[in-house]
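Some notes on the structure that comes next.
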Amino acid sequence: MKRGFKRLFAVLTPLWIVYCLFVYPMQRRAQAEKIEQHEFQDCYQGTPDLKGCSDWAKIKAGTDLWTLRAFYSRESWFLALVVVLVPLLAYGCCRVIVWVAHGFAPSS
């Protein structure tokens, strides 16, 4: 049981790190790009100013905030905490739950 739990933790922790560092900002960038397209279309239908509508849509959607470089520079301390503390807290909570489930018996 202990070995399986540690193996599961060893597999899930790198997945969590990859999600936090790469997948999440890419998802948010994709959402911002959809908003940017919608805002651009709305603006361009009202006034056919290509450059002005493009700039407005980028600012409104915040697309530039979700590049990896901008995300890392803006969220560096928070990312460090999330990447380290969340797995440690999850591991500690799971260990306590297992310990309680086994009737507070000392591990051998």
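The values are calculated or read from the model by the stated rules, or taken from the named source; none is laboratory data. It should be emphasised that the depicted structure is a prediction, and the values quoted were computed from it without experimental measurement. Positions of Cβ are generated from backbone atoms using ideal geometry, with glycine treated the same way; all protein chains shown enter the neighbour counts. We work out accessible area using only protein heavy atoms, side chains counted, and drop any ligands, DNA or RNA first. Shrake-Rupley method; radii C 1.70, N 1.55, O 1.52, S 1.80 Å.
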TODO: Looking only at segment 49-63, decide whether some residue is in a helix (DSSP H, G or I), among the charged types (D, E, K, R), loosely packed, with under 13 Cβ neighbours inside 10 Å and out of contact with any Ser or Thr (no Cβ under 7 Å at 6 or more places or on another chain).
DONE: yes
Open item on the list: Against the definition (among the aliphatic types (A, V, I, L, M), surrounded by 13 or more Cβ atoms within 10 Å (Cβ to Cβ) and either over 30 Å from residue 99 (Cα atoms) or within 24 Å of the chain's Cα centre (by Cα) (or both)), how does residue 68 come out, yes or no?
Closed with: no
TODO: Could you list, in sequence order, all residues of segment 91-108 that are open to solvent by 50 Å² or more (accessible area, probe 1.4 Å) and within 28 Å of residue 25 (Cβ to Cβ)?
DONE: 91, 93, 94
Open item on the list: I need the full set of residues from segment 39-51 which are without any contact (Cβ under 8 Å) to a residue 12 or more places away in the chain and either within 23 Å of residue 70 (Cα to Cα) or of a type in the set (Lys, Arg) (or both), in order please.
Closed with: 51
Open item on the list: I need a count of the residues in segment 71-84 that are over 25 Å from residue 9 (Cβ atoms) and surrounded by 12 or more Cβ atoms within 10 Å (Cβ to Cβ).
Closed with: 3
Open item on the list: Just the residues that are open to solvent by less than 80 Å² (accessible area, probe 1.4 Å) and not basic (Lys, Arg), please, taken from segment 20-32.
Closed with: 20, 21, 23, 24, 25, 30, 32
Open item on the list: It is to be established whether one or more residues within segment 10-19 are of a type in the set (A, V, I, L, M, F, W, C), open to solvent by 90 Å² or more (accessible area, probe 1.4 Å), modelled with pLDDT of 95 or more and within 30 Å of residue 101 (Cα to Cα).
Closed with: yes
Task: Total residues in segment 1-25, condition in contact (Cβ under 8 Å) with a residue 24 or more places away in the chain and assigned to a helix (DSSP H, G or I) - done: 11
